[in-house]
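The values are calculated or read from the model by the stated rules, or taken from the named source; none is laboratory data. Only a predicted model underlies this, so the values are computations on that prediction, with no experimental measurement involved. Note: ideal-geometry Cβ built from the backbone for every residue, glycine included; neighbour counts use all protein chains shown. These area figures cover heavy atoms from the full protein model, side chains too; ligands, DNA and RNA do not enter into them. Shrake-Rupley method; radii C 1.70, N 1.55, O 1.52, S 1.80 Å.
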Amino acid sequence: MTSLLQDVYPSRQSEKPILRPRRDPVLWPSSHPRFSSGLSADQLSQFESQGFIVLPDLLTSDDVGSLLEEIARLGESEDIRGSEACIYEPSSGTVRSLFDIHRLSKLFSRLVADERIIIPAMQILGSEVYVHQSRVNLKPGFRGEQFYWHSDFETWHVEDGMPRMRAVSCSILLTENNPFNGPLMLIPGSHRTFVGCVGQTPENHYRHSLRKQEYGVPDDESLTRLVQEGGIVAPTGRAGSVLLFDCNTMHGSAGNISPWPRSNFFCVYNSMANMLEPPFGGMEPRPDFIACRQAAAISPCKDFARA
Ligand code: 6CS
Ligand code: FE
């Protein structure tokens, strides 16, 4: 079943890549007091022009310590290690990602409601929000493999039916991200161009793409053009820092051949006004652990670790 909505961001439908201008605002301004606080005017303007913003040292080292302990506790569960939500690295078999962690853990369910991160998301999206997807990407020392360049929105539009660009990713650094352990790289300004990719989406694509994405990735020429316009930035920072990036900002990260893990938690906030439709690629919807289809607006809470 495909969406009845007009597909304004077609992808994986033609033999040649097609670059189109973004058809949605980056910021969704609202006069409602609930959606008009969090980031300063300068921070909002940087997010709008670059497609991302770094909030250094937003969480404390105690906050991060409690999150890492929780991840270690979850990792001891055979049920979790054997579930589809636990993704393993293709070559080493170490854990690559754990999805749906905000529904596996009370602590993470409180984290995604913590006002320090959800309020800026509500301000950017100008609405109530819910969690489309959460995950921890562990990227362990020596064994953490790459995440090739991609736009999250391209996948969420084609494979999950996300209609418009009204979602924001919040990445919380759980370990230091330094130049040597595979920090996230982003192309500033790339969020303003939608790269329609080539190729036909394979059946149950997520079973492969979450380990190594090969479809829905931009071609060399389109990437080169985006980099010529915007360059590449690899924000580094201490554990507890937060990176907010637009759903369409082109990003990726190299493999980690350093001894230091580069573990980040990701929470994707989608606007309640942008609920998932049937996938625009016409395939079956992806499972709920990757793309939540029972959306309920989240109310912000105070300090997650002490709630
Ligand atoms: O397919 C997805 O939803 C996941 N894939 C990548 C490479 N980034 C976003 C998300 O984790
Ligand atoms: Fe991504």
- Has region 35-56 got at least one residue that is surrounded by 13 or more Cβ atoms within 10 Å (Cβ to Cβ), modelled with pLDDT under 95 and part of a helix (DSSP H, G or I)? yes
- Message: Against the condition open to solvent by less than 40 Å² (accessible area, probe 1.4 Å) and either in contact (Cβ under 8 Å) with a residue 12 or more places away in the chain or touching a Gly at 6+ places or on another chain (Cβ under 6 Å) (or both), how does Thr94 come out, does it pass?
- Response: no
- Gly82 being out of contact with any Ser or Thr (no Cβ under 7 Å at 6 or more places or on another chain), free of Cβ contacts under 8 Å to residues at least 24 places away in the same chain and open to solvent by 40 Å² or more (accessible area, probe 1.4 Å): yes
- Got a sec? Which helices (runs of 4 or more DSSP H) wholly within region 105-173 have at least 3 residues that are open to solvent by 10 Å² or more (accessible area, probe 1.4 Å) and more than 13 Å from ligand 1 (Cβ to nearest atom)? 106-111, 115-125
- Collect the residues in region 257-288 that are within 16 Å of ligand 2 (Cβ to nearest atom) and either among the aromatic types (Phe, Trp, Tyr) or under 27 Å from Leu58 (Cα atoms) (or both), keeping them in residue-number order. Arg262, Ser263, Asn264, Phe265, Phe266, Cys267, Val268, Tyr269, Asn270
- Any idea which residue in region 186-208 is surrounded by the fewest Cβ atoms within 10 Å (Cβ to Cβ), counting only those that are assigned to a loop (DSSP other than H, G, I, E, B) and β-branched (Val, Ile, Thr)? Thr201
- Item | Flag if Ala305 is surrounded by fewer than 20 Cβ atoms within 10 Å (Cβ to Cβ), over 18 Å from the mean Cα position of the chain (by Cα), part of a loop (DSSP other than H, G, I, E, B) and among the aliphatic types (A, V, I, L, M) | no
- Message: Any residue in region 153-166 that is farther than 16 Å from Gly126 by Cβ sitting within a Cβ distance under 8 Å of a residue that is hydroxyl-bearing (Ser, Thr, Tyr) and open to solvent by 10 Å² or more (accessible area, probe 1.4 Å)? List the pairs, counting only those 6 or more apart or interchain.
- Response: Thr155/Ser209; Val158/Thr201; Glu159/Thr201; Glu159/Tyr206; Gly161/Ser3
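For (1) surrounded by 22 or more Cβ atoms within 10 Å (Cβ to Cβ); (2) in contact with a Pro (Cβ under 6 Å, 6 or more places away or on another chain); (3) assigned to a strand (DSSP E or B), each residue gets a yes or a no:
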site	(1), (2), (3)
Phe245	yes, no, yes
Gly252	no, no, yes
Asn256	yes, no, no
Pro259	no, no, no
Cys267	yes, no, yes
Asn270	yes, no, yes
Met283	no, no, no
Ala297	no, no, no
- Go through region 209-233 and give me each residue that's open to solvent by 30 Å² or more (accessible area, probe 1.4 Å), away from ligand 1 (no atom under 16 Å from the Cβ) and not in a helix (DSSP H, G or I). Asp219, Ile232, Val233
- When region 196-228 is examined, which residues are found to be in contact with a helix residue (DSSP H, G or I) (Cβ under 9 Å, 6 or more places away or on another chain), within 19 Å of Val8 (Cα to Cα) and not hydrophobic (A, V, I, L, M, F, W, C)? Gly196, Thr201, Gly216, Pro218
